[in-house]
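Undergrad: I'd like to ask some things about the structure below.
The values are calculated or read from the model by the stated rules, or taken from the named source; none is laboratory data. Just so we're clear, the structure is a prediction, and the values are computed from it rather than from any experiment. Virtual Cβ from ideal backbone geometry, glycine too; neighbours counted across all protein chains shown.
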Amino acid sequence: MGVEWAIAFMSVTLAVAFGYFCHFYLIHIKAESATKNAKIIRANAERDAQVTLREAEIKARDTILKVREDFESEAKLLRQEIQLRQDRLHHREETIDRKLGGLEGREKQLDARLLDIENLRSDIAARDAEINELVNEQRRQLSEIAGLTKEDAKRQFLAQLSEDLEAESNTLIRHRQEEARDRAEVEARKIITTAIQRYAADQVNQISTDTVHLPSEAMKGRIIGKEGRNIRSLEQELGVDILIDDTPEVVVVSAFDPMRREIAKQTLERLVADGRIHPAYIESTSRKVRSEMDETIWNAGDEAVAGLGLRGVSDEIIRTLGRLKFRTSYAQNVLKHSIEVAHLMANMAGELHLDPALARRVGLLHDIGKAVDHEKEGTHALLGAELLKKNGEDPLVVNAVAAHHGEVEQQSLYATLICAADAITAARPGARAENTQIYIKRLHDLEAIANRQSGVINSYAIQAGRELRVIVEPEQLTEDQALQLARTISQEIEAQVTYPGEVKVTVVRETRCVEFAR
């Protein structure tokens, strides 16, 4: 019994000891596992922290690079704008230097002319002395030969001297005019060039520039483009000058050709509205605008031809007529002026029992040369006649167009009528930006200047005040005196009358011999 209890006790003791041993062994294993997990978690945490740190560094570097690129881009645009302004200033300085050089040259020429004038004065004084001696000698001779009194001899001598001087002066004027004609073209070019350099009229700005409004000042930089790429592409593609100055939110398009200017304006407006400005899109947009402009030109010419009921007009003439929609003359639209002339021609032709359709054709086509006179040498009348002849127009139409400014001989009544109809539309008050009072006053002034001259029978201001016909008495004025009279009248018109363009003074001296057969 005691042995069994001892065995039982030992069994229990061993079981308890084994249980404690297992318990502590499990605890030890869990502790080691926890330690390993902690190390793994720590290693993962350190690795994640390093990855996060590297990502943050990369993002920071990207941000810095983007900010730097934006700054450099803005700085580059600013440098480009500054460079453009410096170039403009440099150009202005060069222009001013050229003008100063020209003024210095003019001053030297004036000094030389003053010296010549002083020499002429000396020569005139010497000649006056010689003339006085000759006068005294002739007085003495006349008194001895004719037995005249001093006063009678003086009167005869002065009359003879006056006639001789007048004839000599008229001969000298003719000689000078011939020399002037030889040098006219060269001198005219010099004068026009100097005038353009020294004077920029408001009218030139109005007829040669258009403005394009921008939504913001930043758009100017986009129009200029990187290193001026866009603005060079625009000017090369459109054939105009793009002026970008300090005027806020405005770009100026400059060109003498109104069609080019209109195409450039529409192209710029579309580019600004779209926002995409680069050479490829500039080219595609300008092609689209040109296509639409060609359609507009064709429609304008076709409407004019159809509205007047003309038939058999060639496509080239219709297209050329449409271009007149963008041409003005003395502030008058040339296409509207041509349509107005066509209606007047038809009315007058009907009264004279002529063909109204042919008259309308002449009226509509008489100024067609103005659509091509900037492309070829010659007057618009002759250029228009050449174009019509090339396209198979009626010879009467060709002659009337060529003769409507008196450059060739008129071969039909249609040529006479077109001169009258053209003058009527030009003379219509308001047609060429003039009011009735100013226009009538100018005609009266022209005729008054002519009528107060000695030997004038009558005068007529014709061709809407562009020509003054003066009828003189042939018995009172010689041919040389008639030449001097025309010169005198033209000088007084220049000094006293304000007028556009030029006034042609024509002095008519004719001798009519009349006999009666009885």
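Undergrad: Please work out which one of (1) surrounded by fewer than 18 Cβ atoms within 10 Å (Cβ to Cβ); (2) assigned to a loop (DSSP other than H, G, I, E, B) is the condition residue 457 fails and give its number.
TA: Among (1) surrounded by fewer than 18 Cβ atoms within 10 Å (Cβ to Cβ); (2) assigned to a loop (DSSP other than H, G, I, E, B), residue 457 violates only (2).
Undergrad: Give the residues of the range 345-368 that are in contact with an Asp or Glu (Cβ under 9 Å, 6 or more places away or on another chain) and closer than 22 Å to residue 465 by Cα, sorted by residue number.
TA: 363, 366, 367
Undergrad: Output yes when any residue across the range 227-243 is buried (at least 16 other Cβ atoms within 10 Å of the Cβ) and farther than 27 Å from residue 87 by Cα, and no when none is.
TA: No, the range 227-243 contains no residue that is buried (at least 16 other Cβ atoms within 10 Å of the Cβ) and farther than 27 Å from residue 87 by Cα.
Undergrad: May I pose another question? Might you let me know whether the range 367-387 holds any residue that is charged (D, E, K, R) and farther than 29 Å from residue 499 by Cα?
TA: Yes: the range 367-387 contains one or more residues that are charged (D, E, K, R) and farther than 29 Å from residue 499 by Cα.
Undergrad: Among the residues of the range 306-322, which ones are part of a helix (DSSP H, G or I) and surrounded by fewer than 20 Cβ atoms within 10 Å (Cβ to Cβ)?
TA: If the condition is that a residue be part of a helix (DSSP H, G or I) and surrounded by fewer than 20 Cβ atoms within 10 Å (Cβ to Cβ), then 306, 307, 315, 316, 319 are the ones that fit.
Undergrad: Then there is this: Can you tell me which of (1) modelled with pLDDT of 80 or more; (2) closer than 30 Å to residue 259 by Cα; (3) not in a helix (DSSP H, G or I) is the one residue 373 doesn't meet?
TA: Residue 373 satisfies all of (1) modelled with pLDDT of 80 or more; (2) closer than 30 Å to residue 259 by Cα; (3) not in a helix (DSSP H, G or I) except (1).
Undergrad: Keeping to the range 213-251, report how many residues are more than 20 Å from residue 77 (Cα to Cα) and in contact with a strand residue (DSSP E or B) (Cβ under 9 Å, 6 or more places away or on another chain).
TA: Within the range 213-251, residues that are more than 20 Å from residue 77 (Cα to Cα) and in contact with a strand residue (DSSP E or B) (Cβ under 9 Å, 6 or more places away or on another chain) number 4.
Undergrad: Moving on. Looking for something under 18 Å from residue 305 (Cα atoms), surrounded by fewer than 24 Cβ atoms within 10 Å (Cβ to Cβ) and of a type outside the set (Asp, Glu) - is there at least one such residue anywhere in the range 373-384?
TA: Looking through the range 373-384, none of the residues is under 18 Å from residue 305 (Cα atoms), surrounded by fewer than 24 Cβ atoms within 10 Å (Cβ to Cβ) and of a type outside the set (Asp, Glu).
Undergrad: Does residue 272 satisfy the criteria of being in the same structural domain as residue 232 (by TED's automatic domain parsing), of a type in the set (Val, Ile, Thr), in a helix (DSSP H, G or I) and modelled with pLDDT under 85?
TA: Taking the combined requirement at face value, the residue satisfies it.
Undergrad: Right, something else. Search the range 460-499 for residues being aliphatic (A, V, I, L, M) and in a helix (DSSP H, G or I), and hand back the single one that is surrounded by the fewest Cβ atoms within 10 Å (Cβ to Cβ).
TA: This residue is 495.
Undergrad: Quick one: count up the residues across the range 500-509 that are outside any strand (DSSP E or B) and either crowded, with 16+ Cβ neighbours inside 10 Å or not assigned by TED's automatic domain parsing to the domain that holds residue 443 (or both).
TA: Total meeting the criteria: 2.
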